[in-house]
Amino acid sequence: MVAQNPFDNALIQLKNASKYLNLDESFWTVISTPKRTIQLSIPLKKDTGDLEVFKGYRVQYNNFLGPYKGGLRYHPQVNIDEVKALSFWMMIKNAVLDVPFGGGKGGIEVDPKKLSKKELENLTRNFAKLLSPNIGEDIDVPAPDVNTNSQIMDWFEDEFSKVAGKDSPAVVTGKSLENGGSKGREEATGMGGFFVLENLLNTLNLKKPLRVAIQGFGNVGSHIAELLSKNDYLVVALSDSKGGIFDQSGSGFNIDLVKDCKEKKGRISDCYCIGSVCDLAAKQKGDISNEKLLELDVDILIPAALENVINERNANNIKAKIILEMANGPTTPKADKILQEKEILVVPDVLANAGGVTVSYFEWLQNRNKESWELEEVINKLKEKMEKAFNEVWQKSQEKNTNLRTAAYILALERLSEKFKLSS
Ligand code: GLU
């Protein structure tokens, strides 16, 4: 990975879009710095009895449009610049989707795979306790992100409720169904990306089958893989942090089998599943690195892992015609320029992966109104939201003659500056 400060990259993206708008100085000042940055030392008593202290963060970037909103990431690479960038992207994303939230993000610098379940629970509870004065259903609402899930959100909510002295389901989203989570939340990010892609194909009049490579097989990558393979796309390459597989025959992997296999074996490179078999012999010729996966000659490339993976070193080698950004910040600004010259269409993260926070919004509404919506209702509302956002971004890009990322930013900045004017 190219070591780049993701927040510097986020500010370059902001500058690119601001050229199209007549933003006043004071708005520019507030929009280019986070409102509040919280840095924590989180103690954890390990199973061995030793005490270890972890670095934790929450950045509350901006709340013009509503409470700060965004996930909590547990990863060894989490640092303040990354969290700042991720909170900034949440602000833009929420404005693009027109959901009434500001931008926030948090995380802990930790490899959760090295913790026992009890340690993971206690670390989460200690994090929630330390953050509790600064969060709340009308203040800041966390959610899952890389390496965090509904179980972690349940612990977080439980600990916050204890401190608050009352049941507080709407303080986090992405909870389990038994604990006030929304139907459809788990698959929402992948599904939102799928809706955006379908709209794009319609707009461009592109016909399936199309060959897809997906980097990352966590919650987002696995759900979008499943949806695509059920809807006449051919998923020919997949990877996780340990490596990847490529189906040279072009018939596409059986995602249900790959999912089962990955659960059992723990790594996707042992899950070369095509048709009705997972074939370890075929795996040898199908092994592919994460780097090479990005450069495959496919129609659609989906980065669904971490930031900066498409950068000035490899952008020239990308052969896909469409990149659907399901990770946050996978493409650097330098790479963006190269891709544009190569006429590769990039569907930006702030639109493509916004399905997660959109259903988080639905969960927040359900919790507050003591409702529980059926899955069909959630999916229909998500589809409607994603289609509207896609059309607005597409139109803006036509109107301003820009790429889709800049168009999305223009749309978001128009909404944010309008609110800023009204409130100042
Ligand atoms: N972590 C997700 C994202 O990056 C979801 C955030 C949320 O639901 O608040 O969009």
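Some notes on this structure:
- Residue check, residue 68 among the aromatic types (Phe, Trp, Tyr), within 13 Å of the ligand (Cβ to nearest atom) and out of contact with any helix residue (DSSP H, G or I) (no Cβ under 7 Å at 6 or more places or on another chain): yes
The rows are residues; the columns are (1) in contact (Cβ under 8 Å) with a residue 12 or more places away in the chain; (2) over 21 Å from the mean Cα position of the chain (by Cα).
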{"site": "4", "(1), (2)": "yes, no"}
{"site": "21", "(1), (2)": "yes, yes"}
{"site": "25", "(1), (2)": "no, yes"}
{"site": "41", "(1), (2)": "yes, yes"}
{"site": "51", "(1), (2)": "no, yes"}
{"site": "73", "(1), (2)": "yes, no"}
{"site": "81", "(1), (2)": "yes, no"}
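- Restricting region 131-149 to residues that are among the aliphatic types (A, V, I, L, M) and under 26 Å from residue 219 (Cα atoms), the residue that is nearest to the ligand (Cβ to nearest atom) is 143.
- Test: residue 39 is in a strand (DSSP E or B) and surrounded by fewer than 24 Cβ atoms within 10 Å (Cβ to Cβ): yes
- All conditions but one from (1) within 16 Å of the ligand (Cβ to nearest atom); (2) within 22 Å of residue 140 (Cα to Cα) apply to residue 347; the one that does not is (2).
- Filter result (surrounded by 17 or more Cβ atoms within 10 Å (Cβ to Cβ) and in a loop (DSSP other than H, G, I, E, B)) within region 21-34: 23, 34
- Single unsatisfied condition, residue 108 versus (1) part of a strand (DSSP E or B); (2) closer than 19 Å to residue 192 by Cβ; (3) more than 12 Å from the ligand (Cβ to nearest atom): (2)
- When region 221-232 is filtered for residues that are farther than 16 Å from residue 290 by Cβ and touching a Phe, Trp or Tyr at 6+ places or on another chain (Cβ under 8 Å), the ones remaining, listed by number, are 224, 227, 228, 229, 231.
- Test: residue 409 is within 21 Å of the chain's Cα centre (by Cα), of a type in the set (Ser, Thr, Tyr), part of a helix (DSSP H, G or I) and farther than 17 Å from residue 14 by Cβ: no
- Residue pairs whose Cβ atoms lie under 6 Å apart, separated by 6 or more positions or on different chains, with the first residue in region 260-277 and free of Cβ contacts under 8 Å to residues at least 24 places away in the same chain and of a type outside the set (Gly, Ala, Ser) and the second surrounded by 14 or more Cβ atoms within 10 Å (Cβ to Cβ) and in a helix (DSSP H, G or I), are 273/257; 273/258; 273/261.
- Residue list for region 98-121, restricted to those being buried (at least 18 other Cβ atoms within 10 Å of the Cβ) and among the small types (Gly, Ala, Ser): 102, 103, 104, 106, 107
- Among the residues making up region 233-274, those that are within 19 Å of residue 295 (Cα to Cα) and in a helix (DSSP H, G or I) are 268, 269.
- Matching residues in region 42-84 - criterion: being among the hydrophobic types (A, V, I, L, M, F, W, C) and surrounded by 14 or more Cβ atoms within 10 Å (Cβ to Cβ): 42, 44, 54, 59, 64, 65, 72, 78, 80, 83
- Boolean, residue 123 is away from the ligand (no atom under 16 Å from the Cβ), touching a residue at least 24 places away in the same chain (Cβ under 8 Å) and not in a loop (DSSP other than H, G, I, E, B): yes
- Every pair of residues 6+ apart whose Cβ atoms lie under 7 Å, when the first sits in region 143-154 and is in the same structural domain as residue 107 (by TED's automatic domain parsing) while the second is within 10 Å of the ligand (Cβ to nearest atom) and assigned to a loop (DSSP other than H, G, I, E, B): 143/172; 143/173; 143/174; 144/174; 150/174; 153/172; 153/174
- The one condition in (1) within 16 Å of the ligand (Cβ to nearest atom); (2) closer than 23 Å to residue 253 by Cα; (3) loosely packed, with under 15 Cβ neighbours inside 10 Å that residue 368 fails to fulfil: (2)
- Helices (runs of 4 or more DSSP H) contained in region 322-388 and holding at least 1 residues over 19 Å from the mean Cα position of the chain (by Cα) and closer than 24 Å to residue 83 by Cβ: 333-341
- Verdict on residue 164 being closer than 20 Å to residue 381 by Cβ and in the same structural domain as residue 83 (by TED's automatic domain parsing): no
- Condition met for residue 289 (of a type in the set (Ser, Thr, Tyr) and touching a Gly at 6+ places or on another chain (Cβ under 8 Å)): yes
- Of all residues making up region 129-154, the number that are of a type outside the set (Gly, Ala, Ser) and surrounded by fewer than 20 Cβ atoms within 10 Å (Cβ to Cβ): 9
The values are calculated or read from the model by the stated rules, or taken from the named source; none is laboratory data. What you are looking at is a predicted structure, and each value in this text was computed from that prediction instead of being measured. All Cβ positions, even for glycine, are placed from backbone atoms using ideal geometry, and neighbour counts span all protein chains on display.
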